[in-house]
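Okay, so here's the structure we're looking at.
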Amino acid sequence: MHSYRLTHLKELESESMHILREVAAQFERPMLLFSGGKDSIVCFHLARKAFFPAKVPFPLLHVDTGHNFEETMTFRDELVKEHGAQLFVGSVQESIDSGRVQEETGYYASRNKLQTVTLLDSLEKHKVDCAIGGGRRDEEKARAKERVFSHRDEFGQWDPKNQRPELWNIYNGKKRPGEHFRAFPISNWTEMDVWQYIMLENIPIPSIYFSHEREVFKRDGVIYANSPVMRLKPEEKPYQMRVRFRTIGDMSCTGAVDSPASTLEEIIDEVASSRVTERGSRMDDKRSEAAMEDRKKEGYF
Amino acid sequence: MKDNSTHGYLDMDLLRFTTAGSVDDGKSTLIGRLLYDTKQIFEDQMEAVEAASAKRGNGDVDLSLLTDGLRAEREQGITIDVAYRYFATPKRKFIIADTPGHIQYTRNMVTGASTANLAIILVDARKGILEQTCRHSFIASLLGIPHVVFCINKMDLVDYDEATFTRIQKELEDFSSKLEVRDIRYIPISALKGDNVVDRSERMPWYQGPTLMYLLENIHIAGDLNHIDRRFPVQYVVRPMTQEHHDFRGFAGRVAGGVFRKGDQVNVLPSGFQSTIKSINLGEREVDEAFAPQSVVMTLADEIDISRGDVIVGANNLPESSQDVDVMLCWFNERPLQVNGKYAVKHNSRDARCVIKEVKYRMDISSLHKADGDQTIRMNDIGRVQLRTTVPLHFDKYQRNRFTGSLILVDESTNETVAAGMIV
Ligand SMILES: Nc1nc2c(ncn2[C@@H]2O[C@H](COP(=O)(O)OP(=O)(O)OP(=O)(O)O)[C@@H](O)[C@H]2O)c(=O)[nH]1
Ligand SMILES: [Mg+2]
């Protein structure tokens, strides 16, 4: 007899497609936050599947810190062109130039925190009522608490102690004018699921996820790509190394891993045997025990 | 192309489970223990937990800090909202919802439990059955969770005493005979010390049954979905309006029950029009059949008007259609349920409004009987309620289908989700 059983990846895929369609149906002007990282690429892939043969019915929004890896930008632009997607860019540089935010200074300066202002400004400018993000609950303990449809008040704030109950697969996207939602279609995926799915579905990803030669330097045990956006301390000497990136964020806070993995299979083996989380190499989370919760309350992704 | 480990991973199934039980019975500690003993905790996570435990000045590493992620939770040592955690063994992939035991946060417990195939209900061996044990067991049964595992926890604090375990098991058996759960198990454990969680306890040789992990890996879950009654709530109408797909009108949704095949005769509700399935697509790929819980796009042979909220069903097996809906409600809001009050209803992809006609009874949680006296349904109460909706809903009883038998109520002035309803 035929067994009607889905593997866990197919079940996750199905759940995510359902969520994306709920977003498209319940909101006037949703947008997909697109960073060029693997999670947002997977979200876009799922959206293409959910609405095929129609185009993805919402535009992409990139919050651009100006400190991007070149490979990610090239990848982003090619993806937009290939699929005829519409792309909006919110620029942190513009937020700085117009005096909305102030650039951090010093060796540890990062634009990561400034992104929140640019993000909220962009959502307001484009009248976005739901921002779809590639956040996963396995990434961080505060994210582990977040609903799939996550309500934001008129200041863009998240109230973690007072979230709406979210039952079965019924999502309540009702809101007042000025408020908005964040929706997380791949909430229930793990890093491993994402990699396995990329392999299963043959999804293209930026080259810097694979091992490559690059000029790097070490700071507090973390390997960073050397680039004009990083200010080196006198004792920090850049050198060549084979590395890859496990996550792609702003250059100023994303660490590389010492890795020879140059195929998806090798990456998956590496992820399977890894002893630190993927955010373990991100400085932004290490600032304090509740760093992520605090940033999210203010309106961070 | 793939080695065995990769290949195995591509062929695993998914078990969603939840924890439940009274405050401090050890739910979060148990999840921490499961993750720790299956080596799913990363070094940076463990370092963070060790540092946080040290800061609190208690000697042992507090494993509950692995899931209690909010500042307020860590400060108070309690769980406030559901935390989702993930782990995999070579056999299965697991999604855990660690839920709060405190009565004030029952709505978050229901959130975590609504999608679970299995509930672990913890009982403190020193305290036995408490009111929250009853409430959560009853909610698990109402939510139609097919498998319940009662873990009698903190056995280390009762000298691993068999008689204590047997007495609590007996009490639970008496209580749960009034519940509708297919499969109930009992395990003596210590979440703190690890007995019978992943590793078999040497301190309880009198217990012959499986460990918790063994159950989680082996419990049979394939039969938990409805593959009989064909139900397809339409979420979204796909209209590409391109040259290539000029007249294409596809109906996107997630199969809520049964198996749909190309060529099947179907009915569309509420219009009642009949047609046959012309195609089924999963992304770019055309498929011959679709079953719950797959997300697909269907096209029909005839041009009929279908929009979001409609439901495509098997032609010879219709759901109930009615504006009068009888539900068991879990109430979540500080403001009590208003008889004659109006609320928004969400049922599958259908949005409607309703008026509360009548509270038939409020449940007394500890006796599982109808409560005497005041029938007002307040926060965390459960009761049987009659709704009248503005348009007919097309539903099955919740016991028959968790998707087509569930609904939520939304307060129209605050937009808050105020109740979960299971259609009876
Ligand atoms: N001795 C002993 N203590 C335990 C055991 N399990 C949990 N505890 C302790 O009981 C206390 C409460 O544990 P938690 O895991 O936070 O309880 P909880 O059920 O998650 O509580 P809420 O989520 O707030 O409802 C902590 O101090 C734990 O260390 C056990 O098996 N033995
Ligand atoms: Mg807890």
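To the nearest 500 deg cm²/dmol, what mean residue ellipticity at 222 nm is calculated for chain A from DSSP H runs of n ≥ 4 alone, each contributing -39,500 (n - 2.57), summed and divided by the residues?
The helix contribution divided over chain A gives -9500 deg cm²/dmol.
Could you name the lysines in cross-link range of residue A:125, using Cα to Cα under 20 Å and dropping any fewer than eight places away on the same chain?
In chain and number order, the partners are A:113, A:175.
Pairs to check: A:297/B:55; A:38/B:55; B:91/B:170; B:55/B:154. Give those whose C-alpha atoms are more than 28 Å from each other in this structure.
Pairs exceeding 28 Å: A:38/B:55; B:91/B:170.
Go ahead and collect, in residue order, the members of the range A:6-49 whose backbone nitrogen is under 14 Å from a label point 7 Å along the Cα-Cβ direction of residue B:391.
No residue passes the distance filter.
May I ask for the net charge around residue B:29, where only other residues with Cβ less than 11 Å from the Cβ of residue B:29 are counted and Lys, Arg are +1 while Asp, Glu are -1?
Once all neighbours under 11 Å are counted, the net charge is -2.
With both partners inside the protein assembly as shown, how many of the DSSP beta bridges are antiparallel, as a percent to the nearest 5?
Among the beta bridges of the protein assembly as shown, antiparallel pairing accounts for roughly 70 percent.
Could you give the size of the charge dipole of the range B:9-224 about its Cα centre, using +1 on the Cβ of each K and R and -1 on the Cβ of each D and E, expressed in debye and rounded to the nearest 20?
340 debye
Near residue B:78, within a Cβ-to-Cβ distance under 10 Å, what is the net charge of the other residues, with Lys and Arg +1 and Asp and Glu -1?
-3
Of the peptides A:212-225, B:133-146, A:229-242, B:256-269, how do they stack up when ordered by the mean number of other Cβ atoms within 10 Å, highest first?
Descending packing order for the listed peptides: B:133-146, B:256-269, A:212-225, A:229-242.
State, as an integer percentage, the relative contact order of the range B:271-424 based on alpha-carbon contacts under 8 Å between residues 6 or more apart.
So the answer I get is 25 percent.
Per residue of B:98-107, what is the mean number of Cβ atoms on other protein chains within 10 angstrom of that residue's Cβ?
1
By DSSP, what percent of the beta bridges with both residues in chain B are antiparallel, rounded to the nearest 5?
75 percent
Quick one: dipole size for the protein assembly as shown, taken about the Cα centre, charges +1 on Lys/Arg Cβ and -1 on Asp/Glu Cβ, in debye to the nearest 20.
Computed about the Cα centre, the dipole is about 1120 debye.
At a Förster radius of 41 Å, what calculated FRET efficiency corresponds to the Cβ-Cβ distance of residue B:243 and residue B:315, to the nearest 0.05?
0.75
Sort the following peptides by mean Cβ neighbour count (other Cβ atoms within 10 Å, averaged over residues), highest first: A:124-131, B:47-54.
Ranking, from highest mean packing down: A:124-131, B:47-54.
Checking the cross-link filter: which aspartates and glutamates have an alpha carbon closer than 13 Å to that of residue B:342, excluding same-chain neighbours under 8 positions apart?
Filter leaves B:358, B:411, B:412.
At what distance in nm do the modelled label points of residue B:169 and residue A:269 sit from each other, each positioned 7 Å from its Cα along Cα→Cβ?
Placing both labels 7 Å beyond Cα along the Cβ direction yields 4.6 nm.
Would you pull out the residues with amide H under 5 Å of residue B:124's amide H, same chain only if 5 or more places away, H placed 1.01 Å from N?
Amide H neighbours of residue B:124: B:153.
Full-extension gain between residue B:303 and residue B:273, please, as 0.36 nm times their residue separation minus the C-alpha to C-alpha distance.
Working it through step by step, the gained length comes to 9.8 nm.
Going by average Cβ neighbours within 10 Å, how do the peptides B:238-247, B:35-44 rank, with the highest at the top?
Most protected by this proxy first, the peptides run B:35-44, B:238-247.
Need one value for B:406-416: mean number of C-beta atoms belonging to other chains within 10 Å of its residues' C-beta atoms.
The mean count of partner-chain Cβ atoms within 10 Å per residue comes to 4.
Please quote Rg/Rh for the range B:231-314 to two decimal places, taking the Kirkwood radius as Rh and restricting both calculations to Cα atoms.
A ratio of 0.92.
What does the charge count near residue A:34 come to, summing +1 for each Lys or Arg and -1 for each Asp or Glu among other residues with Cβ under 11 Å from its Cβ?
-1
Between B:323, A:199, B:82, whose Cα lies farthest towards the positive end of the dipole of the protein assembly as shown when Lys and Arg beta carbons carry +1 and Asp and Glu beta carbons carry -1, centred on the Cα centre?
B:323
Could you give the size of the charge dipole of the range A:207-284 about its Cα centre, using +1 on the Cβ of each K and R and -1 on the Cβ of each D and E, expressed in debye and rounded to the nearest 20?
280 debye
Over the whole of B:66-75, what's the average partner chain Cβ count within 10 Å per residue? Rounded to a whole number, please.
Counting other chains' Cβ atoms within 10 Å and averaging over B:66-75 gives 5.
Calculate one ³J(HN,Hα) per residue across the range A:71-83 by plugging θ = phi - 60° into the Karplus curve 6.51 cos²θ - 1.76 cosθ + 1.60, and present them in order as whole Hz with x for glycine and proline.
After applying 6.51 cos²θ - 1.76 cosθ + 1.60, I find 4, 5, 5, 4, 4, 4, 5, 5, 4, 4, 5, 4, 9 Hz.
Going through the cross-link list B:127/B:193; A:141/A:161; B:178/B:357; A:49/A:174; A:55/B:278, which pairs have a Cα-Cα distance over 24 Å in this structure?
Checking Cα-Cα distances, B:178/B:357; A:49/A:174 exceed 24 Å.
Have a look at A:114, A:72, A:131 and report the one farthest towards the positive end of the charge dipole of chain A, computed about the Cα centre with Cβ charges (Lys/Arg +1, Asp/Glu -1).
A:131
I need the calculated FRET efficiency for the pair residue B:72 and residue A:157, taking r as the beta carbon distance and R₀ as 22 Å, to the nearest 0.05.
0.90
Every number in this text was worked out from the coordinates using simple rules, so none of it is lab data. Here the structure is a predicted model, which is why all the values come from computation and not from measurement. A quick note on method: Cβ atoms are made from the backbone with ideal geometry, for glycine too, and the neighbour counts reach across all protein chains shown.
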